[in-house]
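These notes are about the structure you will find just below.
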Amino acid sequence: MSVCTPKSFDLTGKVALITGASYGIGFAIATAMANCGATIVFNDIKQELVDKGLAAYKEAGIEAHGYVCDVTNEDAVNEMVKKITADVGHINVLVNNAGMYRFGETLDIDSGFTTKMLALHVLTPTRLCLLFGQDMRRQRHGYILNMSSVTAWLAYPGINVYGATKRYLRNFSRGLHTELRDYGVYVTAVCPGAVDTDLYNLNEKLRRRLVRSGIMLPPGKLARKAVRAL
């Protein structure tokens, strides 16, 4: 059943790029946007993940275009954008969803992981917002959705750097929305709590229990809220 109707949010004829959308929250958001009429484009860092995502979209009856791309690499992103433009046209909706997570005290987490997370959560969404935001501003229409977190509101020990990156995304999104809304471009930050995905490396039984108890939110429910918020 469609989560949107043309009267509420019509994305027919629009191209939506969702980063890291082979599964989880990104896949759920892509599905919600496809139900609103959008053409779905997504990336992931490995070919097997893209293939897995394409199979899942096909099973869901959604036509999607998948690309292998490390979005922390600027040259790789530029090449992907060229391919997307040639295949389906200009991007009208950008969803910065790709993310990573590791629990542990700040000084105990491998510095390489922390550097990669900073690039993926801060530099990459900023670069993509600049890249696509300029075109959206010229067109005087567009939507940007940035995946922040409830950790953006309070410093949490054990996920200190993760929370700091999400605070950046929340504040950056708010300022960018103010700058772009007069041009018909809308920027939204979503700040969910725990969501039922593979991010936390929990077993399926525990995840089901956490969803039933309301501690974890199903990704489909979050996706519907996020798309409506645009």
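The values are calculated or read from the model by the stated rules, or taken from the named source; none is laboratory data. Being a predicted model, the structure only gives us computed values, none of them experimental. For neighbour counting, all protein chains shown are included, and Cβ atoms are generated from backbone atoms with ideal geometry for every residue, glycine included. For the accessible areas, the whole protein counts, side chains as well, though only heavy atoms, and no ligand, DNA or RNA atoms are used. Shrake-Rupley method; radii C 1.70, N 1.55, O 1.52, S 1.80 Å.
Considering helices alone, the calculated mean residue ellipticity of the chain at 222 nm is -14500 deg cm²/dmol, with DSSP H runs of length four and up weighted by -39500 (n - 2.57) and normalised per residue.
Here the Karplus relation 6.51 cos²θ - 1.76 cosθ + 1.60, evaluated at θ = phi - 60°, turns the backbone of region 116-128 into coupling constants of 5, 5, 4, 5, 6, 8, 10, 5, 5, x, 5, 4, 5 Hz, with x for every Gly and Pro. Summarising the label geometry, the points placed 7 Å from Cα in the beta-carbon direction at residue 205 and residue 86 lie 5.1 nm from one another.
In region 128-204, Rg over Rh equals 1.09, where Rg is the alpha-carbon radius of gyration and Rh the Kirkwood radius from pairwise Cα distances.
The amide H of residue 216, built 1.01 Å from its N in the peptide plane, has 211 as neighbours under 5 Å, considering only residues 5 or more places off or on other chains.
Among 54, 130, 145, which one shows the highest mean-square fluctuation when the chain is modelled as a Gaussian network with alpha-carbon springs under 10 Å? Residue with maximal mean-square fluctuation among 54, 130, 145: 130. Hey, any idea what % of the chain's accessible area is carbon plus sulfur with a 1.4 Å probe? For the chain, the apolar C and S fraction of the accessible surface comes to 52 percent.
Near residue 66, within a Cβ-to-Cβ distance under 12 Å, what is the net charge of the other residues, with Lys and Arg +1 and Asp and Glu -1? It would help to have the intermediate numbers written out before the result.
Values: positive: 46, 52, 58, 83; negative: 44, 48, 51, 63, 87.
Surrounding charge for residue 66 is -1.
Think of a 1.4 Å ball rolled over the protein heavy atoms: region 40-162 then has 53 Å² of accessible area per residue. Site-free segments of the chain were taken between GluC sites (Glu not before Pro) in DSSP loops having at most 13 other Cβ atoms within 10 Å, sites themselves excluded; the longest one is 106-230. Shown here for region 80-132: chymotrypsin sites (Phe, Trp or Tyr not before Pro) in loop regions (DSSP other than H, G, I, E, B) with at most 10 other Cβ atoms within 10 Å, of which there are none.
Distant-in-sequence amide contacts of residue 65, defined by a placed amide H-H separation under 5 Å and a gap of 5 or more residues or a different chain, comprise 40, 41, 42. Rg ratio for region 45-164: its Cα radius of gyration over 2.2 N^0.38 Å, N being its residue count, equals 1.21. Applying the Karplus relation 6.51 cos²θ - 1.76 cosθ + 1.60 with θ = phi - 60° to region 20-29 yields 3J(HN,Hα) values of x, 10, 6, 7, x, 4, x, 5, 5, 5 Hz, where x marks Gly and Pro.
Please give me the summed charge of the neighbours of residue 19: other residues whose Cβ is under 12 Å from its Cβ, Lys and Arg +1, Asp and Glu -1. Here the count lands on -1.
Across region 1-114 the C-alpha pair distances fall into 10 Å bins from zero in the proportions 14, 42, 29, 12, 3, 0 percent. The heavy atoms of residue 108 present about 120 square angstrom of accessible area, all protein chains included, probe 1.4 Å. Residues whose amide H comes within less than 5 Å of that of residue 186, counting only those at least five positions distant or on another chain, are 142, 143, 144 (H built at 1.01 Å from N in the peptide plane). Once both labels are positioned 7 Å from their Cα atoms along Cα-to-Cβ, the gap between residue 111 and residue 123 label points is 1.5 nm.
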